[in-house]
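Remarks on the structure that follows.
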Amino acid sequence: MKMKPFLSFLFAVLTGGFSHAEKPMNVVVLFADDWRHDTLGCAGHPFLQTPNLDQLAKEGCRFTRSCVTTSICGVSRATLFTGQWMSRHGNMAMKAFKTPWSETYPGLLRKRGYHVGHIGKWHNGDFPAKEFDFGRSYSGVHWVKQKDGNKIHVTQKNENDALEFLQERPKDKPFCLTLAFFATHAEDENPKQFLPQPQSMSLYQNIAIPVPPNASEESLKRLPPFLSDARNEGRVRWHWRFDTPEKYQEMMKNYYRLATEVDATCGKVIDELKRQGLLENTLVIFAGDNGYFHGEHGLADKWYPHQESIRVPLIVRDPRLKQDKRGMTNDDFALNADLAPTILAATDTQAPQTMQGQDLSPLYLADAKPNWRQEYFYEFSAFGGNIHRIPSSQALVSKEWKYMVWPDFQREQLFHLTEDPREEKDLIDDPSQAQRLADMRARLVKLREQAK
């Protein structure tokens with residue numbers, strides 16, 4: 001039996017929810033798939049059309065050094081919900097995380113009286129529909145078959161469901177919506193990989209997509225042999241998408257078309273918030289679950305600790321941000337583990353001690369710059385235990401240096417990112433870096449222990 005609005009409101013108050021004097025902040029998380037940090041017009045992309053996200057950045061804060069702690073769909077999503085590293089939440093790939101639901105941001109906000117929704121990709125075991133007031137989980141294909149037998153594009157379905165959530169939500173309660181897009185993820189079982197909507201096919205038609213300088217045979221040969229191995233999934237998928245110039249152009253154009261479609265849906269969601277007079281009381285976050293190789297190093301997809309794989313877009317539009325600071329950028333390390341604590345802080349909800357991320361808001365709200373991390377620990381577990389398909393990796397990442405470890409093959413790498421941003425010159429055997437290497441090894445071990 002459903003409670004009447006007043007009783008629902010009173011229940012929230014009595015159980016630690018919001019008070020009558022408050023106007024709780026709403027939350028909308030726009031979570032894109034396989035969308036790396038530079039896939040935005042406002043990030044300097046030479047031709048990609050993302051006008052709605054560009055406008056969101058003009059009204060908020062864009063984090064230019066946002067990274068993930070593990071670069072794969074399921075693990076990164078578990079980190080989004082729990083604010084924890086993989087070592088703690090326990091989802092090593094796409095299974096259920098071990099963290100109690102009561103310690104996730106959707107669980108905590110629903111307990112406080114929020115109307116909580118999840119739409120789209122889940123990738124953490126069975127979808128816990130009972131934990132959401134509005135829950136619709138689907139992904140894996142670009143064209144989704146509906147009950148009437150017709151098909152709808154997954155991004156259009158994302159949009160329809162999000163607008164339904166916003167329009168039919170109870171008006172007496174704050175809300176939290178996680179809109180988890182499937183695009184720009186490839187449809188792995190389809191030889192075309194990326195399947196945009198027909199009306200998008202004219203986009204980028206007359207543009208020659210630039211090939212990255214290190215998308216070359218020479219760069220591939222500089223990789224450790226287990227990454228250039230024909231069994232490696234990064235190489236397998238490179239052949240799916242990029243092994244001829246013609247295929248590269250077709251795949252990348254369709255990838256960018258999917259991105260522009262996601263941008264359009266983000267715009268529709270933001271327009272609906274405006275129409276309802278909610279935008280200035282809603283925290284809107286646009287983020288990605290992992291980066292993506294566009295052929296760099298002769299690889300495709302993600303997983304590995306290279307810059308293309310670990311860096312993601314992050315835009316936070318927070319109504320508390322002063323007008324004269326809107327449109328700012330921030331170059332500190334903002335991690336996917338930070339999003340849950342940021343959401344909870346904005347909604348005056350106590351974050352559990354088990355969360356390992358940090359509230360990002362002092363980086364854009366505080367007058368004085370807060371102390372912040374100067375480096376972070378990256379981790380990845382061998383996919384399905386198959387070290388030849390996708391091996392384990394760890395890394396200590398700073399703005400200037402990166403130390404990589406490949407535990408399955410007892411291999412280390414060291415890169416000076418300031419001088420070698422494309423990670424082409426491995427300095428692991430450079431005797432002049434011996435002390436730096438020893439220091440970074442020790443710090444990686446320390447951060448690895450803290451991640452548990």
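Enumerate the strands (runs of 3 or more DSSP E) found wholly within the range 294-380, keeping only those where 2 or more residues are closer than 30 Å to Phe194 by Cα.
Values: elements: 314-317, 328-330, 375-380.
Those strands (runs of 3 or more DSSP E) span 314-317, 375-380.
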Which listed residue is under 30 Å from Val316 (Cα atoms), surrounded by fewer than 21 Cβ atoms within 10 Å (Cβ to Cβ), of a type outside the set (D, E, K, R) and out of contact with any His (no Cβ under 8 Å at 6 or more places or on another chain), from Gln450, Gln356, Gln433, Gln410:
Gln450
Condition first: surrounded by 17 or more Cβ atoms within 10 Å (Cβ to Cβ) and under 20 Å from Ser216 (Cα atoms). Now tell me which residues in the range 414-425 satisfy that.
Phe415, Glu423
Being under 26 Å from Arg231 (Cα atoms), assigned to a loop (DSSP other than H, G, I, E, B), aliphatic (A, V, I, L, M) and out of contact with any His (no Cβ under 7 Å at 6 or more places or on another chain), is that true of even one residue in the range 386-400?
yes
So, Arg88, is that one part of a helix (DSSP H, G or I), charged (D, E, K, R) and within 15 Å of Asn26 (Cα to Cα) or not?
no
List the strands (runs of 3 or more DSSP E) that sit entirely inside the range 106-220 and contain at least 2 residues that are within 19 Å of the chain's Cα centre (by Cα) and touching a residue at least 24 places away in the same chain (Cβ under 8 Å).
115-120, 175-180
Does Thr64 satisfy the criteria of being modelled with pLDDT of 95 or more, more than 26 Å from Val154 (Cβ to Cβ) and hydroxyl-bearing (Ser, Thr, Tyr)?
yes
Conditions first: (1) surrounded by fewer than 24 Cβ atoms within 10 Å (Cβ to Cβ); (2) touching a strand residue (DSSP E or B) at 6+ places or on another chain (Cβ under 6 Å); (3) assigned to a loop (DSSP other than H, G, I, E, B). Ala287 passes all but one, so which condition is the exception?
(3)
Can you tell me which condition Pro421 does not meet? The list is (1) farther than 22 Å from Leu227 by Cβ; (2) assigned to a loop (DSSP other than H, G, I, E, B); (3) in contact (Cβ under 8 Å) with a residue 24 or more places away in the chain; (4) not hydrophobic (A, V, I, L, M, F, W, C), and all the others hold.
(1)
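Considering only residues of the range 31-70 that are β-branched (Val, Ile, Thr) and crowded, with 22+ Cβ neighbours inside 10 Å, which is farthest from the chain's Cα centre (by Cα)? Write out each step before concluding.
Within the range 31-70, the first condition is being β-branched (Val, Ile, Thr), and the residues that meet it are 39, 50, 64, 68-70.
Filter once more, so that each one left must be crowded, with 22+ Cβ neighbours inside 10 Å: 39, 50, 68-70.
Details: Thr39: 12, Thr50: 17, Val68: 7, Thr69: 10, Thr70: 10 Å.
Applying the filter and picking the extreme gives Thr50.
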Would you confirm whether any residue within the range 247-254 is more than 15 Å from Leu48 (Cα to Cα) and within 20 Å of the chain's Cα centre (by Cα)?
no
For Glu449: the one exception among (1) touching a residue at least 40 places away in the same chain (Cβ under 8 Å); (2) among the acidic types (Asp, Glu); (3) assigned to a helix (DSSP H, G or I)
(1)
Is it true that Val154 is at pLDDT 95 or above, among the aliphatic types (A, V, I, L, M) and within 30 Å of Thr342 (Cα to Cα)?
yes
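The values are calculated or read from the model by the stated rules, or taken from the named source; none is laboratory data. What you are looking at is a predicted structure, and each value in this text was computed from that prediction instead of being measured. Don't worry about glycine lacking a Cβ; one is built from the backbone with ideal geometry, like all the others, and counts go over all protein chains shown.
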